[in-house]
Structure formats: C-alpha cells, structure tokens
Amino acid sequence: MGDRIRGYRDLLVWQRAMLVAERTYLVTRTFPREEQFGLTSQARRAAASVAKP
C-alpha cells in the first residue's frame, strides 16, 4: 500500500486512455485525405474524450 494516487494521471485507466488517443492519432494519419473531416475527426474526438479529466 505504498503507492499513493496523487491525481488522475496516476491512474492506470487514464494512462491507457492516453495511449489509445496517441495511437488513434497515428493511425488516422494514414486515412485518405477526403476523410479528414469525417471519420478521422470523429475517431480522434472519441479517443481524446476518453482521457479527459
């Protein structure tokens, strides 16, 4: 019980959500240009919203 949680950044779930967001941004870079304001935008917003404090 030596590990103390000082804030949300110490939570494993937040750390993994950030990893998902980072990987989503990397993957969506490879999407076609015409999807920039469609699927790409939607995927990025969804991934980023998971990690919001």
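No lab work stands behind these numbers, since they all come straight from the coordinates. Since we're looking at a predicted model, the values are computed, not measured. Note that each Cβ is placed from the backbone with ideal geometry, even for glycine, and that neighbours are counted across all protein chains shown.
Values computed for the structure shown
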quantity: Residues that are surrounded by 12 or more Cβ atoms within 10 Å (Cβ to Cβ) and hydrophobic (A, V, I, L, M, F, W, C), drawn from segment 23-53; calculated: Val27, Phe31, Leu39, Ala43, Ala46, Ala47, Ala48, Val50, Ala51
quantity: Close pairs from segment 21-34: first closer than 15 Å to Ala48 by Cβ, partner among the polar types (S, T, N, Q) and surrounded by 10 or more Cβ atoms within 10 Å (Cβ to Cβ), Cβ under 8 Å, at least 6 apart; calculated: Thr28/Thr40
